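Asks: Quick one: the structure is below, questions incoming.
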Amino acid sequence: MYKSNYSVTKIFKFCAAHRLFKYTGKCANIHGHNYRVHVTLASSKLDSLGMVVDFGTMKTNLGGWIDTNLDHHLLIHADDAAMIACARQLQTEYRLMPCNPTAENIAELIRVEVQSLIVDCEVMTCPRVVVFETDSSYASVGV
């Protein structure tokens, strides 16, 4: 058995729309992205099967959360009353965020959710979440 620090990364994809509240520029308009998210989990030891975590578990737990809470949703700053009214009028799925739905803030939202989905928090950490807004632009939280 090897003694090291181990990590695994799984890539998730989702589509969502947003606009930046109180922003001046193109992103003040409603627009959408095909997001790509890289989630890294790390541990100083492996489980009895030799894994940090099963990729299938990541897919089911985190992938399911992303599908339910972000995919094909309108991401809205909680203070953006006009967008909330618009989403309700259109009867579309939306998620309120306490901050602007930037790639940086979406990365933090996912990182917090990952931590609540990790079964053994004493052994495993989530050192990095990367959110690609486009193929050439991304934001990250963590190391």
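The values are calculated or read from the model by the stated rules, or taken from the named source; none is laboratory data. This is a predicted model, so every value here is computed, not measured. Reconstructed Cβ throughout: ideal geometry from the backbone, glycine too, with neighbour counts over all protein chains shown.
Asks: Please indicate, with yes or no, whether at least one residue in segment 43-60 is among the polar types (S, T, N, Q), surrounded by fewer than 18 Cβ atoms within 10 Å (Cβ to Cβ) and within 14 Å of Lys10 (Cβ to Cβ). It would help to see each step written out before you state the result.
Replies: The first filter runs over segment 43-60 and keeps only residues among the polar types (S, T, N, Q), leaving 43-44, 48, 57, 60.
Applying the additional criterion that residues be surrounded by fewer than 18 Cβ atoms within 10 Å (Cβ to Cβ) yields 44, 48, 57, 60.
Now narrow it down to the ones that are within 14 Å of Lys10 (Cβ to Cβ): 57, 60.
There is at least one residue in segment 43-60 that is among the polar types (S, T, N, Q), surrounded by fewer than 18 Cβ atoms within 10 Å (Cβ to Cβ) and within 14 Å of Lys10 (Cβ to Cβ).
Asks: Scan segment 33-54 and tell me whether some residue there is on the phi > 0 side of the Ramachandran plot, modelled with pLDDT of 95 or more and not aliphatic (A, V, I, L, M).
Replies: The first filter runs over segment 33-54 and keeps only residues on the phi > 0 side of the Ramachandran plot, leaving 50.
Filter once more, keeping what is modelled with pLDDT of 95 or more: none.
No, segment 33-54 contains no residue that is on the phi > 0 side of the Ramachandran plot, modelled with pLDDT of 95 or more and not aliphatic (A, V, I, L, M).
Asks: Within the set of pairs 6+ apart or on separate chains, which have a first residue in segment 118-143 that is under 13 Å from Tyr35 (Cβ atoms) and at pLDDT 80 or above, a second that is in a strand (DSSP E or B) and of a type in the set (S, T, N, Q), and C-beta atoms under 8 Å apart?
Replies: Val129/Thr40; Val129/Ser140; Val130/Ser140; Val131/Ser140
Asks: Next up: Quick check on segment 18-28. Is at least one of its residues touching a Leu at 6+ places or on another chain (Cβ under 9 Å), hydroxyl-bearing (Ser, Thr, Tyr) and over 18 Å from Met97 (Cβ atoms)?
Replies: no
Asks: In the set Ala103, Ala107, which member is at pLDDT 90 or above, touching an Asp or Glu at 6+ places or on another chain (Cβ under 8 Å) and buried (at least 18 other Cβ atoms within 10 Å of the Cβ)? Even if it seems obvious, please write down each step before you answer.
Replies: On the way: Ala107 fails: touching an Asp or Glu at 6+ places or on another chain (Cβ under 8 Å).
The conditions single out Ala103.
Asks: For segment 97-111, indicate whether the set of residues that are among the hydrophobic types (A, V, I, L, M, F, W, C), more than 25 Å from Ala42 (Cα to Cα), touching a helix residue (DSSP H, G or I) at 6+ places or on another chain (Cβ under 7 Å) and part of a strand (DSSP E or B) is non-empty. Before you say what the answer is, go through the steps one by one.
Replies: Initial filter on segment 97-111 (among the hydrophobic types (A, V, I, L, M, F, W, C)): 97, 99, 103, 106-107, 109-110.
Subsequent filtering for residues that are more than 25 Å from Ala42 (Cα to Cα) retains 97, 99.
Okay, now just the ones that are also touching a helix residue (DSSP H, G or I) at 6+ places or on another chain (Cβ under 7 Å), so 97, 99.
Cutting the leftovers down to part of a strand (DSSP E or B) gives us 97.
The answer is yes, given that some residue of segment 97-111 is among the hydrophobic types (A, V, I, L, M, F, W, C), more than 25 Å from Ala42 (Cα to Cα), touching a helix residue (DSSP H, G or I) at 6+ places or on another chain (Cβ under 7 Å) and part of a strand (DSSP E or B).
Asks: Going by the structure shown, is Arg88 at negative phi, in a strand (DSSP E or B) and among the charged types (D, E, K, R)?
Replies: The answer is no for Arg88.
Asks: Here is a further query. Do we find that His73 is on the phi < 0 side of the Ramachandran plot and in contact with a helix residue (DSSP H, G or I) (Cβ under 8 Å, 6 or more places away or on another chain) in this structure? Give the derivation first.
Replies: Numbers: on the phi < 0 side of the Ramachandran plot: yes; in contact with a helix residue (DSSP H, G or I) (Cβ under 8 Å, 6 or more places away or on another chain): no.
Against the criterion (on the phi < 0 side of the Ramachandran plot and in contact with a helix residue (DSSP H, G or I) (Cβ under 8 Å, 6 or more places away or on another chain)), His73 does not qualify.
Asks: Residue under question is Thr60, and the condition is that it be without any contact (Cβ under 8 Å) to a residue 40 or more places away in the chain and either in contact with a Pro (Cβ under 9 Å, 6 or more places away or on another chain) or over 17 Å from Phe21 (Cβ atoms) (or both); does it hold?
Replies: On the way: without any contact (Cβ under 8 Å) to a residue 40 or more places away in the chain: yes; either in contact with a Pro (Cβ under 9 Å, 6 or more places away or on another chain) or over 17 Å from Phe21 (Cβ atoms) (or both): yes.
In short, yes.
Asks: Given the conditions (1) touching a helix residue (DSSP H, G or I) at 6+ places or on another chain (Cβ under 7 Å); (2) of a type in the set (A, V, I, L, M); (3) over 24 Å from Thr9 (Cβ atoms), and given that Ala85 satisfies all but one, which numbered condition is not satisfied?
Replies: Of the numbered conditions (1) touching a helix residue (DSSP H, G or I) at 6+ places or on another chain (Cβ under 7 Å); (2) of a type in the set (A, V, I, L, M); (3) over 24 Å from Thr9 (Cβ atoms), the odd one out for Ala85 is (1).
Asks: Turning to a different aspect of this structure: So Arg36 clears everything in (1) part of a loop (DSSP other than H, G, I, E, B); (2) basic (Lys, Arg); (3) under 12 Å from the mean Cα position of the chain (by Cα) except one condition, right? Which one?
Replies: (1)
Asks: Within segment 69-83, is there a residue that is surrounded by 20 or more Cβ atoms within 10 Å (Cβ to Cβ), over 25 Å from Leu20 (Cβ atoms) and free of Cβ contacts under 8 Å to residues at least 60 places away in the same chain?
Replies: no
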